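First the structure, in the form of structure tokens, and then the observations on it.
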């Protein structure tokens, strides 16, 4: 009987300690939960927005960062994103007023190097409350990035050289045949 009473008081104490954090977690929302970027060519940059919704009666401040999930948590066929610095947040930290929404802009820029072409990556975007309590609930957005096969089209040196040679040969041919015609 004494052991049962002790166990009940322990459960009540744990619920009292944890319940404020659980209540906070129920009042915060992130949308979308997953973002897919397909065929982003190396050398290109893209942007998207996500929404932080605060249904609580008080304002909350969140810091934004990247998070590398374990291989077992990533989607099948997805590799670890090579460099978190390729992702930037605007703003890096955001305060969401009570009963309101705030949009956050995210930029993803892949360096222009052929080794990044044709890749399938995954990284998570972490939204962490700055006001730390006993139990901190972090929110995550799954970011799936697929790179295209080619780099951005640049000047085609072979075509430029070919045109220059053709113009030179055509000019020389006209000159040669005109000179030959005058000699007769």
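The values are calculated or read from the model by the stated rules, or taken from the named source; none is laboratory data. Since the structure is predicted, the reported quantities are computational estimates derived from the model, not experimental observations. All Cβ positions, glycine included, derive from the backbone under ideal geometry; neighbour counts span all protein chains shown.
Quick notes on this structure:
- Taking strands (runs of 3 or more DSSP E) as the structural unit, those lying wholly within segment 73-184 and holding at least 2 residues that are surrounded by 12 or more Cβ atoms within 10 Å (Cβ to Cβ) and in contact with a helix residue (DSSP H, G or I) (Cβ under 7 Å, 6 or more places away or on another chain) correspond to 100-109.
One line per residue, one yes/no per condition, for (1) farther than 16 Å from residue 33 by Cβ; (2) assigned by TED's automatic domain parsing to the domain that holds residue 30; (3) under 16 Å from the mean Cα position of the chain (by Cα); (4) touching a residue at least 12 places away in the same chain (Cβ under 8 Å):
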residue	(1), (2), (3), (4)
64	no, yes, yes, yes
90	yes, yes, yes, yes
96	yes, yes, no, yes
106	no, yes, yes, yes
126	no, yes, yes, yes
131	yes, yes, no, yes
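- Residue check, residue 101 in contact (Cβ under 8 Å) with a residue 40 or more places away in the chain and closer than 27 Å to residue 60 by Cβ: yes
- Segment 59-72, subset surrounded by 12 or more Cβ atoms within 10 Å (Cβ to Cβ) and out of contact with any helix residue (DSSP H, G or I) (no Cβ under 9 Å at 6 or more places or on another chain), residue nearest to residue 46 (Cα to Cα): 64
- Residue count for segment 108-124, restricted to those that are closer than 17 Å to residue 69 by Cβ and more than 11 Å from the chain's Cα centre (by Cα): 2
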